[in-house]
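Please read the structure below before turning to the comments.
The values are calculated or read from the model by the stated rules, or taken from the named source; none is laboratory data. What you are looking at is a predicted structure, and each value in this text was computed from that prediction instead of being measured. A quick note on method: Cβ atoms are made from the backbone with ideal geometry, for glycine too, and the neighbour counts reach across all protein chains shown.
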């Protein structure tokens, strides 16, 4: 599976948009980008996924660059409850049973 | 709230005990997973069941024994564990394996302490 690189931590202000970057420069054409988050003492929560088009749902937006080598998860109006570890995962079609987590980004939303 | 329910939430067991973790989902998902998460580390895959059959074992020691009695239930039987097996054990389900477009949905885990 392609590896991902995320900053270890970032802060953002409550009410502002949070932009979480992810680098996946070795991604191949059949691999999807998934985002999960894990709030302290809870299980990982699915946020969004995409292949090459930008995606939006009620939680977030996913922007994937045209060359697919990087992506950004956007939380449009961060709240204190968005404080969590955010995982960017590249999931391969041929290995699709496996969702392999990297180290993630610890996001702290401050009032 | 999560649609994958795990019990118990917390478990303390001795190294000679036998215990079981239980996971239940009623979303009609046919793939179920066990992950293990050590403190301050990301989750690591242990087992995958597809249509109630074990499809993946990630070289997990035999003191961990999974069981899938039906499509809604997943158990993890524990025997002769070591203190280093203390961790958060997460269950997940997805509509199918073989579907890269099928997100996994996780429970909130069982926090296991081995004394």
Exercise. Does the stretch A:78-86 contain at least one residue that is surrounded by 13 or more Cβ atoms within 10 Å (Cβ to Cβ), away from chain B (no Cβ under 11 Å) and assigned to a strand (DSSP E or B)?
Worked result: yes
Problem set entry | Qualifying strands (runs of 3 or more DSSP E) (wholly inside the stretch B:1-66; at least 2 residues being buried (at least 19 other Cβ atoms within 10 Å of the Cβ)) | B:4-7, B:18-25, B:31-37, B:44-50
Seminar exercise, completed: Log entry, pairs with first residue in the stretch B:95-115 being at positive phi, second being buried (at least 16 other Cβ atoms within 10 Å of the Cβ) and modelled with pLDDT of 90 or more, beta carbons closer than 7 Å, six or more apart or on different chains, reads B:109/A:43; B:109/B:6; B:109/B:88; B:109/B:89; B:109/B:90
Problem set entry | Counted residues, the stretch B:91-115 - those being within 9 Å of chain A (Cβ to nearest Cβ), outside any strand (DSSP E or B) and more than 15 Å from residue A:38 (Cβ to Cβ) | 6
Problem set entry | Of all residues in the stretch A:57-74 being within 14 Å of chain B (Cβ to nearest Cβ) and buried (at least 19 other Cβ atoms within 10 Å of the Cβ), the one that is nearest to residue A:85 (Cα to Cα) | A:60
Exercise. Within the stretch A:93-108, is there a residue that is on the phi > 0 side of the Ramachandran plot and either assigned to a strand (DSSP E or B) or within 13 Å of chain B (Cβ to nearest Cβ) (or both)?
Worked result: yes
Seminar exercise, completed: Inside the stretch A:15-31, the number of residues satisfying the requirement of being surrounded by 15 or more Cβ atoms within 10 Å (Cβ to Cβ) and over 18 Å from residue A:103 (Cα atoms) is 2
Seminar exercise, completed: By residue number, the members of the stretch A:11-56 that are farther than 19 Å from residue A:80 by Cβ, within 12 Å of chain B (Cβ to nearest Cβ) and part of a strand (DSSP E or B) are A:31, A:32, A:33, A:34, A:35, A:36, A:46, A:48, A:49, A:50, A:55
Exercise. Only one of (1) without any contact (Cβ under 8 Å) to a residue 40 or more places away in the chain; (2) away from chain A (no Cβ under 14 Å); (3) buried (at least 16 other Cβ atoms within 10 Å of the Cβ) is not met by residue B:78, so which one is it?
Worked result: (1)
Exercise. Does residue B:49 count as within 11 Å of another protein chain (Cβ to nearest Cβ), modelled with pLDDT of 95 or more and in contact with a strand residue (DSSP E or B) (Cβ under 9 Å, 6 or more places away or on another chain)?
Worked result: no
For this session: Within the stretch B:43-53, identify whether any single residue is more than 21 Å from residue B:25 (Cα to Cα) and out of contact with any helix residue (DSSP H, G or I) (no Cβ under 8 Å at 6 or more places or on another chain), and answer yes or no.
Result: no
